[in-house]
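The values are calculated or read from the model by the stated rules, or taken from the named source; none is laboratory data. Only a predicted model underlies this, so the values are computations on that prediction, with no experimental measurement involved. With ideal geometry, Cβ positions are generated from the backbone for all residues, glycine too; neighbour counts draw on all protein chains shown. Just the protein is used for accessible areas: all its heavy atoms, side chains included, with ligands, DNA and RNA removed. Shrake-Rupley method; radii C 1.70, N 1.55, O 1.52, S 1.80 Å.
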Amino acid sequence: MTYVADEDRYERMPYRRTGSSGLLLPAISLGLWNNFGADRPLETSRAIVGRAFDLGITHFDLANNYGPPYGSAEETFGRLLSDDLAPYRDELVISTKAGYDMWPGPYGEWGSRKYLLSSLDQSLQRMGLEYVDIFYSHRFDPETPLEETMGALETAVRQGKALYVGISSYSPEHTREAARILDAMGTPLLIHQPSYSLLNRWIEEGLLDVLGELGVGCIGFSPLAQGLLTDRYAQGIPDDSRIARNLSLPADQLNEQTRAKVAALRRIAEGRGQTLAAMALAWTLRDPRMTSTLVGASSVEQLEANVAALQRLDLTDDELAEIDRYATDSDINIWAASSEARP
């Protein structure tokens, strides 16, 4: 059956300006990190991606090593793009990244020019694209000059393989320097993608101020703390969860202190007539410097529940004060090493 997008899709989603650029992103974007690899049924991925676009989600976020196995999420998305979304390519913002391990040897990770540009070529081939809309440096490389890493991003734009460039998990200081280097080359830094949630608020300690000052957008990933801020673990650890499958969520992060915080936050959400997940997503969008919040989804139902959070973005001062009592750092930022790296 030929896919035809819902005609009302743009009436269902608010869009926010990315910093001071001309690019608008949906308030909720879809990330293809763990749920779109070759280990998942293609038809499930097709249903989620199609429903996302019907709901007004125009931004699909990938990276070279998303899967599993590595690269397979891009292959899946390339298949869906070819089969379903090709007529809508100019309505889509497609992003990918390079920085973490992708292939063996010294040229298969980090921030060298060789790795970044080789990885981008491979990503384009897997997705069947001539260009991506945003190409990211996925993490700061303390051993490679920042000028080389940013120069590779600028080259991607100059070659027509990316329209915009971004960085992920960079510290405020490295973000400022990266923006300076890119500005000098005539390719502005468009966006930063940091982890951000009720249990991981590190970007409030300087990064958001830098982004606001520089006119750079911000899209937070892991806004539900990889499932901790949902009902997923309310009754224990499900066999098919990230903790049980030993993916990206260590079991020791679900300790008694974190359980108590989550329970208290759930009570606040219930008082608002929301699920904890919906409140957690709304909370990440309360700051006007936040362009979008990046969600994953393993089912259409989960995706729809996440998008429903946009129906209640209002948070009173009293609610925010109550949330602040429990929304404190829970040592779950597994990407901190990148933002804390020193050259």
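General observations
- The orientation-averaged projected area of the convex hull spanned by the Cα atoms of the stretch 73-153 comes to 5.3 nm².
- Percent of beta bridges antiparallel (DSSP, the stretch 102-234, rounded to nearest 5): 10
- Share of carbon and sulfur in the accessible heavy-atom surface of the chain [1.4 Å probe, %]: 49
- Calculated on alpha-carbon atoms, Rg and Dmax of the stretch 1-128 in Å: 15.3, 48
- Diffusion coefficient, µm² s⁻¹, Stokes-Einstein with Kirkwood Rh over alpha-carbon pairs of the stretch 180-233 at 25 °C and 0.890 mPa s: 195
- With all protein chains kept in place, the per residue accessible area of the stretch 289-335 amounts to 50 square angstrom at a probe of 1.4 angstrom.
- Residues in the stretch 268-282 carry Karplus couplings, in order, of 5, 4, 4, x, 8, x, 10, 6, 4, 4, 5, 5, 4, 5, 4 Hz; the curve used is 6.51 cos²θ - 1.76 cosθ + 1.60 with θ = phi - 60°, and Gly or Pro positions show x.
- Once the Cα-Cα distance is subtracted from the 0.36 nm per residue extended length, the residue 287 to residue 325 segment shows a gain of 11.9 nm.
- Taking the convex hull of Cα positions in the stretch 14-55, its mean projected area over all directions (nm²): 3.7
- Remark: the stretch 1-160 carries 41 Å² of accessible area per residue (probe radius 1.4 Å; ligands, DNA and RNA excluded).
- Summarising the amide proton neighbourhood of residue 189: residues at separation of 5 or more, or on other chains, whose placed amide H is nearer than 5 Å comprise 183.
- In terms of the mean number of neighbouring beta-carbon atoms within 10 Å, the peptides 217-227, 102-112 order highest first as 217-227, 102-112.
- Kirkwood radius, the chain, all distinct C-alpha pairs, inverse of mean reciprocal distance: 20.3 Å.
- Stretchable slack from residue 8 to residue 316, in nm (0.36 nm times residue separation minus alpha-carbon distance): 107.8 nm
- Residue of 318, 121, 133 that the Gaussian network model of the chain assigns the largest fluctuation, springs spanning Cα pairs under 10 Å: 318
- The Cα-based radius of gyration of the stretch 271-343, divided by its Kirkwood radius, gives an Rg/Rh of 1.02.
- Helical contribution to [θ] at 222 nm, DSSP H n ≥ 4, -39,500 (n - 2.57), averaged over the chain, rounded to 500: -10500 deg cm²/dmol
- Rounded Å value of the spacing that divides the Cα centres of the stretch 171-210 and the stretch 298-343: 18
- Listed by chain and number, the lysines whose alpha-carbon sits under 17 Å from that of residue 97, ignoring those within fewer than 8 places in the same chain, are 114, 161.
- Of all the options 28, 323, 167, the one that moves most in a Gaussian network model of the chain with Cα springs shorter than 10 angstrom is 323.
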